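The values are calculated or read from the model by the stated rules, or taken from the named source; none is laboratory data. Since the model is a prediction, treat every value here as computed from it, not as a measurement. Cβ atoms come from the backbone with ideal geometry, glycine included; neighbour counts cover every protein chain shown. Side chains included, ligands, DNA and RNA excluded: accessible areas come from the protein's heavy atoms. Shrake-Rupley method; radii C 1.70, N 1.55, O 1.52, S 1.80 Å.
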Amino acid sequence: MRPDQERPRWDWTPLESVGPLAFGMGPHEVAAALDGEVPAARQGHYPWPWHRRAGQWYLTEERFGQIGLTAHYRYPQGVPALGAVTVHGRTGPRIAFAGIHLIGMQVSAVDEALTRHVEDHETGLRVGCGGDLGPDGLNMYVRAARAGDTVVSEARFCAPEWEDHG
């Protein structure tokens, strides 16, 4: 677990950006925004799995280990565009929402704080397909990540169209 004081503090603008990353950026723009960090891993697929290496390879995600995040891509116009960012709980930047620290915290405490926030502000709470909680309309979901024998919070921040991505 990277200590809090060693993690940068990032802002989040719902449905637009996470730290220096704006939704819609291409992979080269993402790397440039992360001070040229080279992805530690890349994942993708070919359109026809039964014809290995036939057709164009589609990049679906890049893992940036140094900063502690995964960039997820979609193809709205045939080229990869940043559609979501998962900030890793053990190593990622610190991000808060309405005074609630979202990254590297006890998951149940973050879930409780989010639930209290939406009740106090009479907004809704969404449950993602993995059971992750997030404020309605913001496309942000708190997730759980293993940290040794415990679990800490991480978060996925998504572009407006990400849910259509599947």
Go through the range 148-160 and give me each residue that's within 24 Å of Q77 (Cα to Cα) and open to solvent by 80 Å² or more (accessible area, probe 1.4 Å). none
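On the basis of being touching a Phe, Trp or Tyr at 6+ places or on another chain (Cβ under 8 Å) and surrounded by 16 or more Cβ atoms within 10 Å (Cβ to Cβ), does V85 make the cut?
yes
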Give the residues of the range 115-147 that are farther than 23 Å from T70 by Cβ, open to solvent by less than 60 Å² (accessible area, probe 1.4 Å) and outside any loop (DSSP other than H, G, I, E, B), sorted by residue number. T115, H117, V118
Among the residues listed as M105, M1, the single one being touching a residue at least 40 places away in the same chain (Cβ under 8 Å) and under 29 Å from D120 (Cβ atoms): M105
Can you tell me which condition P160 does not meet? The list is (1) touching a residue at least 60 places away in the same chain (Cβ under 8 Å); (2) touching an Asp or Glu at 6+ places or on another chain (Cβ under 8 Å); (3) not small (G, A, S), and all the others hold. (2)
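Regarding A84, is this residue out of contact with any His (no Cβ under 9 Å at 6 or more places or on another chain) and not in a loop (DSSP other than H, G, I, E, B)? Before the answer, list the steps.
Values: out of contact with any His (no Cβ under 9 Å at 6 or more places or on another chain): no; not in a loop (DSSP other than H, G, I, E, B): yes.
The answer is no for A84.
Being crowded, with 18+ Cβ neighbours inside 10 Å, farther than 21 Å from W162 by Cβ and at pLDDT below 95 is true for just one of R2, R7, R52. Which residue is that? Steps first, answer last, please.
On the way: R2 fails: crowded, with 18+ Cβ neighbours inside 10 Å; R52 fails: crowded, with 18+ Cβ neighbours inside 10 Å.
From the options R2, R7, R52, the qualifying one is R7.
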Anything in the range 21-44 that is open to solvent by less than 60 Å² (accessible area, probe 1.4 Å), touching a Leu at 6+ places or on another chain (Cβ under 9 Å) and free of Cβ contacts under 8 Å to residues at least 60 places away in the same chain? List them, or say none. M25, G26, P27, V30, A33, L34, G44
